[in-house]
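Below you'll find the structure, written out as structure tokens, and then a few comments.
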Amino acid sequence: MDLNKESSMDYIKKSFELKNSKLYKEAIEMLYKALECDEAGENSEIISQIADLYVLLKNYDRALEEYERVLETDKNHTHSLNETVKIYFLLERYDKALEVSKRLLAATSDAQYYINHLQILYKLSKFDEMKELYETFSDELKNNAQILYIMSKTGLYPRLDFLKRAADADENFVNAYFDLGLEYYKEEKYPLAKEYFKHVLSLEKNSRAHFYIGLIEHIEGNFFEAIDNYLDCLRLDKSNDECCFELAKAYIDINWLEEAQIAIKSSIAILKLKDEYSPKLDEHHFLLAWILSKQNDAKSALLYLDLIDKNSKMYPNAQILKNTLNLDGENYIKAKEILENYYLNNSDEQKNPILIESLGKIYKQLKLYKNAQKLYEKALEDYPNSVFYALELADILIDDKQYDKALELTKQLEKTAPKCPSTYNSFARIYYRLKNYDAAIENLKILNQLDINNAEGFYFLGLVQNDTCQAEAALENFKIALTLNPMPAKYYAQAARAYETMGNLEDAMLYIKEAIEIDPGEINYKRQAKNIAQKMNDKEKTDFYNSQIVRMEQLLRQRG
């Protein structure tokens, strides 16, 4: 007798150790060696374990061969039958899965095997067979949560009733609670839907539950809660292009256009990876173009509008926006006539956000504030939760010097969207016009806390501080604004004004020169430079800027 010869049990133990270390191929080798031992022979359990390891390696063909080898010896080997069913189901070979599942149910009547069998029948759309089988079940099986859930999808029974029974049977059954939320969402019963989605989140991290809660919060006008849920969804599923798209729309509703642009660009990138020719891209390109148009980047907006297919439903809106972007001072009146007639004679189009936006832009450009006011008041009737339209209306009222109405509207906005920076910008504009500088400063500080990347907010705060002889504080804010956006000439001009107030004429001259270089056609910058040069007793610079002012005044008279 060879005392050094290893037994099948020794190889099996080694196989388990290798499997625990995820060394599946090596574990298989050990089991084959175990089979070679005299005492093992055609051991069904060892062969079944080999098949299990092939499953872990995703070598399903070889796994099926080994399970079949077991079943040749033991036709009722439950584990092999069940695993064979699962593999065929995974490979979407549902007819084969059904065939083996019938053999399995003939050998045993475990609830899980019935659940698997019903899932196969559902995939094969054999609903009558599902109903026939379900009616034979005991009460215990009929009230099994997973069975109720599968049967709820057949259309043969009241869906909501079966889903509720499934949820009642197992309060940890995520699918039942999620589908209940979805059903109530479709029925527009949003508080109930939200309750079920929140229950799902109490059970697990679920990106889709966050997404639908985001949609509901958005519909209910809770923009920041919507954004938080969209972001939670994307943390769990970065490939959700639809969520990025909805996130962009939520940002637009609170006028966070920079964030909206980032979100829609992310959505486009994800969508292109999934389907380079997706028809949804037209809507995405249009929304991005619209955002860019609001950011005064007409060139980029036009590029995205040109990507929209002529057969797309977005094409007519794209043409409206494109024509608006191509407007100049000479054709605003003509564009007004065309769009106004279109708006008045097409009642269905009066809710078209692009038409509203384009016509509103023309009214503002022509200073037809009463027309714009009427337009946006109608838009708010159609879209009562739109922060964007409320902000547009507030701006119109301010421009038209209707400060009491603007203040009332902005106070309502503060209740609706207390974290929206643009709300506080509207407050600041009103108070600034009313010469209530302390209130303007207070609201601009809130704006800048809410949106630390808003260069215009810091500039506006600095402007008010300049007007109230707070030059040092103003200068700090102008420097922040210039760090965020070094392009606007007015930022340098106001910084120069602050330096001039502080008596630092050298730096004042440096900053006003920068403003002139960026915008050489602005005569007031040259007047400011002349005043600084005079204070510096620099006759050469004074004469230089004076000659430029005289020349520009002559040109302006000729044009005027």
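The values are calculated or read from the model by the stated rules, or taken from the named source; none is laboratory data. Source: prediction; values computed, not measured. Using ideal geometry, Cβ is built from the backbone for each residue, glycine included, and neighbour counts are taken over all protein chains shown.
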> Are any of the residues in the range 370-388 modelled with pLDDT of 90 or more, more than 30 Å from H285 (Cβ to Cβ), of a type in the set (A, V, I, L, M) and not assigned by TED's automatic domain parsing to the domain that holds N466?
Replying inline: no
> Has the range 129-137 got any residue that is touching a Leu at 6+ places or on another chain (Cβ under 6 Å) and in contact (Cβ under 8 Å) with a residue 24 or more places away in the chain?
Replying inline: yes
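Here are some residues: K530, K513, K541. Which one is touching a residue at least 12 places away in the same chain (Cβ under 8 Å), of a type outside the set (A, V, I, L, M, F, W, C) and within 17 Å of P486 (Cβ to Cβ)? Give the steps one after another, and end with the answer.
Working: K530 fails: within 17 Å of P486 (Cβ to Cβ); K541 fails: within 17 Å of P486 (Cβ to Cβ).
Just one listed residue meets the conditions, K513.
So which of A107, A167 ends up being surrounded by fewer than 19 Cβ atoms within 10 Å (Cβ to Cβ) and of a type in the set (G, A, S)? Talk me through it step by step, then tell me what you get.
Values: A167 fails: surrounded by fewer than 19 Cβ atoms within 10 Å (Cβ to Cβ).
Of the residues listed, the single one that is surrounded by fewer than 19 Cβ atoms within 10 Å (Cβ to Cβ) and of a type in the set (G, A, S) is A107.
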>> With the structure loaded, tell me whether H210 is crowded, with 17+ Cβ neighbours inside 10 Å, outside the structural domain of F388 (by TED's automatic domain parsing), of a type outside the set (G, A, S) and within 30 Å of K164 (Cβ to Cβ) or whether it fails that test.
In response: yes
> How about the range 92-104: which of its residues are farther than 14 Å from Q119 by Cα and surrounded by fewer than 19 Cβ atoms within 10 Å (Cβ to Cβ)?
Replying inline: R103
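Quick check on this structure: which one of A474, A496 is farther than 22 Å from I452 by Cα, modelled with pLDDT of 95 or more, crowded, with 23+ Cβ neighbours inside 10 Å and among the aliphatic types (A, V, I, L, M)?
A496
List the helices (runs of 4 or more DSSP H) inside the range 227-332, counting only whole elements, that have at least 2 residues being under 16 Å from the mean Cα position of the chain (by Cα).
Details: elements: 241-253, 257-274, 280-294, 298-305, 315-325.
Filter on the range 227-332 gives 241-253, 257-274, 280-294.
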> Within the range 111-150, how many residues turn out to be more than 18 Å from E171 (Cα to Cα) and assigned to a helix (DSSP H, G or I)?
Replying inline: 23
> Can you tell me how many residues in the range 83-107 are under 13 Å from K123 (Cα atoms) and either touching a residue at least 40 places away in the same chain (Cβ under 8 Å) or of a type in the set (S, T, Y) (or both)?
Replying inline: 2
> Taking the range 289-307 on its own, how many of its residues are under 22 Å from Y343 (Cβ atoms), crowded, with 22+ Cβ neighbours inside 10 Å and not small (G, A, S)?
Replying inline: 2
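Being under 20 Å from Y251 (Cα atoms) and buried (at least 17 other Cβ atoms within 10 Å of the Cβ) is true for just one of A417, A335, A428, A372. Which residue is that? Reasoning before the result, please.
Values: A335 fails: under 20 Å from Y251 (Cα atoms); A428 fails: under 20 Å from Y251 (Cα atoms); A372 fails: under 20 Å from Y251 (Cα atoms).
Answer to the check: A417.
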